[in-house]
Amino acid sequence: MRQTRSWVLLMTMFLLLTMSTASAQWVMAAHAAKNHIQRMTQKSENGNAGYDMATVLLEAAPDKVYDKTVEHLKTHPDITITKNDKNTGRIEFRRGHDVAGFQIPALGEKLTQLIIVSNVGETSEPGAKPLVLDSVLRVCKEFNVECTVQPN
């Protein structure tokens, strides 16, 4: 039941994030915001469910970001890729009981938005570094980009 709620929450977040479109003005503003990780986390009152989400804009070709992300995930034996669809820019994976997914939409030829959403709560591994933040920072590192986490 909890796993079903986590998947529903994860899919809902992806749908909300992918429904927005990028206009020329938005892309210009995006260039100013690149490499700044925006993060949002919420847990239910009883701590049994919730989500963790981060997004960052990278000055890199979307195909390369996608390929490097998949390549990087495959190097970790504790991570299992459960969906890999380059056409939609979607990668879904699990680490232990945690489920997560990347959405990698193109905002231009060399500007990519990287979105990652994960479940949090009772199923999250105790003491584990937050999966979302860790994943985004690793992708930034792959592109030799210093990304900074913005305060809430």
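Bear in mind these aren't lab numbers, they're just calculated from the coordinates by the rules spelled out. If you're wondering where the values come from, they're calculated on a predicted model, not measured in any experiment. Glycine gets a Cβ as well: all are built from the backbone with ideal geometry, and neighbour counts include every protein chain shown.
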In the neighbourhood of Thr82 defined by beta carbon distances under 10 Å, the net charge of the other residues (Lys, Arg +1; Asp, Glu -1) is +1
Counting only DSSP loop positions in the stretch 46-124, the GluC sites (Glu not before Pro) whose Cβ has at most 10 other Cβ atoms within 10 Å are Glu109
Among Lys43/Lys110; Lys86/Lys141; Lys43/Lys64, the pairs whose Cα-Cα distance exceeds 26 Å are Lys43/Lys110; Lys43/Lys64
For Asp98, other-chain or 5+-apart residues with amide H closer than 5 Å (H placed, Pro excluded) are Glu125
At R0 = 35 Å the Cβ-Cβ FRET efficiency linking Asp63 and His97, nearest 0.05, sits at 0.65
Cβ density ranking, 10 Å radius, fewest first, applied to Phe102, Phe143 yields Phe143, Phe102
Counting Lys and Arg as +1 and Asp and Glu as -1 over every other residue whose Cβ sits under 11 Å from the Cβ of Ala61, the net charge comes to -1
